[in-house]
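The values are calculated or read from the model by the stated rules, or taken from the named source; none is laboratory data. None of the values given here were measured: they were computed from a predicted structure. Note that we place each Cβ from the backbone using ideal geometry, even for glycine, and neighbour counts take in every protein chain shown.
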Amino acid sequence: MSSDVMFGVAHFLRRIGGAVTGSISRLGFASRFLVAIVWHSPQAFRRIHLTIREIYFAGVLSLVIILMSGLFVGMVLSLQGYETLKRYGADEQLGILVALSLVRELGPVMAGLLFASRAGSAITAEIGLMKTTEQLAAMEMMAVDPLARVIAPRFWGGVVSLPLLAALFSAFGIFGGYLVGVRLIGIDDGAFWGQMKAGVDFWPDVTNGIIKSLVFGVAVSLIAVFEGYDAKPTAEGVSTATTRTVVMSSLAILALDFVMTVFMFRGGAQ
Amino acid sequence: MNRSAIDLWVGIFVAIGFGAILFMALKVGNLMTLDRAAGYRLEASFDNIGGLKLRAAAKAAGVVIGRVEAIRLNPKTYEALVTLRVDNQYQFTRDTIASINTSGLLGEVYVALDAGGDTAMLKDGDRIGKTQSAVVIEKLISQFLFDKAAESGGGGAKK
């Protein structure tokens, strides 16, 4: 009886330990993987059309969802912001509210989350299926390095695409905010843009947003290609890896966003 | 999809992406107006700067002509030393008065420059001689109360 309990406890502890060491060694493998991708990048850039093709699949095909989401987020932000600002008689400040929220936070974060679900999952599924059908192994047999031929172009395609998508998200969001704030609610056109211009600085507000989206681009792309490469070569393994990409990317984006915001906007301008 | 069509689409994507960044730089942000590089420095020391912050506006007659670049405490005189970066196209006379104002009741704090009638102009690195500190509401109220108390107290003694 007591030996049964002891066995159960030991089993439980072993499972916790296994999960911890497993995730730490996966982190180590992912870091090694990132270094390997960077190492093989010059080889990949010699065939630049591969990367351009991935920018097309990750970036251009994500445009519709990014632009539409940006427009709607900006419009909602404008409506909600107006309701609150009106109480303090500060409804002319709506431009600042919309622009700062989008440029600093919502643009990079929302674009990153959408990118992870739209493009990151596709990258993982593609690479995972290539592994399952032994295409990666076949490439190695033919002395073609899959890191340079398959992984690195997808990684760099994501890193290039996300900052541009985030900038477009912010720009369309501000346009949506303008549509609702000025056209629908009727805030003065000059006040909307003028206050925005006075309150938003290119350094550091816009540049910090771009830095954030670049970091998210690296994180999401790395997670996507890593999960695909590391997937179990079964149908179930690929589906698990795809789910993990979306979950891990979203968590990574939100956690990194908090850390970067602490450093970038601590206590405002002082 | 052949390669040239993909190139075309990616080219369009990159172009409108940079267009969005440019839009945020010029239309949303204030990259082109009063950048930190352009302009000359003026210094002014105040007894109290109130809620003045870095990059607050410097205004003359309500027009933004520069920004606050640095705020330090002079360790000898215990006065605040404010460095302003003023746009090159504006010159101020030697007897300019710098004061710290607030736009509206809850508005932003800024430095106001009121030019005088002197013919000599301030140059880069010059110190503005005449300054007026920020108004601290608590001090105003307590001064008002003391004055009132002194008035009624004096009246009582006369009786």
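Brief remarks on what is shown
- Every residue from the range A:83-108 that is surrounded by 22 or more Cβ atoms within 10 Å (Cβ to Cβ) and either free of Cβ contacts under 8 Å to residues at least 40 places away in the same chain or farther than 17 Å from A:Pro204 by Cα (or both): A:Leu94, A:Gly95, A:Leu97
- Single condition B:Lys159 does not satisfy, out of (1) at pLDDT 80 or above; (2) over 30 Å from B:Asp87 (Cα atoms): (1)
- Hits in the range B:48-75 - residues which are surrounded by 13 or more Cβ atoms within 10 Å (Cβ to Cβ) and in a loop (DSSP other than H, G, I, E, B): B:Asn48, B:Ile49, B:Gly50, B:Leu52, B:Lys53, B:Leu54, B:Arg55, B:Ala56
- Search result, residues across the range B:13-29 that are crowded, with 21+ Cβ neighbours inside 10 Å and either outside any helix (DSSP H, G or I) or in contact with a Phe, Trp or Tyr (Cβ under 9 Å, 6 or more places away or on another chain) (or both): B:Phe13, B:Ala20, B:Met24, B:Val28, B:Gly29
- In the set A:Phe169, A:Phe155, A:Phe115, only one residue is under 15 Å from A:Leu256 (Cβ atoms) and touching a residue at least 24 places away in the same chain (Cβ under 8 Å); that residue is A:Phe115.
- Residue count for the range B:6-26, restricted to those that are more than 7 Å from every other protein chain (Cβ to nearest Cβ) and modelled with pLDDT under 90: 2
- Residue-level check: of (1) more than 9 Å from chain B (Cβ to nearest Cβ); (2) modelled with pLDDT of 85 or more; (3) within 10 Å of A:Gly95 (Cα to Cα), A:Arg183 misses just (3).
- All positions within the range A:243-260 that are touching a Ser or Thr at 6+ places or on another chain (Cβ under 7 Å) and surrounded by fewer than 24 Cβ atoms within 10 Å (Cβ to Cβ): A:Val246
- Taking the range A:137-149 as the range and being without any contact (Cβ under 8 Å) to a residue 24 or more places away in the chain and either within 13 Å of chain B (Cβ to nearest Cβ) or out of contact with any Leu (no Cβ under 7 Å at 6 or more places or on another chain) (or both) as the test, the residues that pass are A:Ala137, A:Ala138, A:Met139, A:Glu140, A:Met141, A:Met142, A:Ala143, A:Val144.
- Test for A:Met75: is it more than 10 Å from chain B (Cβ to nearest Cβ), modelled with pLDDT of 95 or more and within 19 Å of A:Gly95 (Cα to Cα): yes
- Meets criteria (in contact (Cβ under 8 Å) with a residue 24 or more places away in the chain and within 13 Å of another protein chain (Cβ to nearest Cβ)) for B:Lys59: yes
- Flag for B:Ala70 being closer than 14 Å to B:Ala115 by Cα, touching a strand residue (DSSP E or B) at 6+ places or on another chain (Cβ under 8 Å) and within 14 Å of chain A (Cβ to nearest Cβ): no
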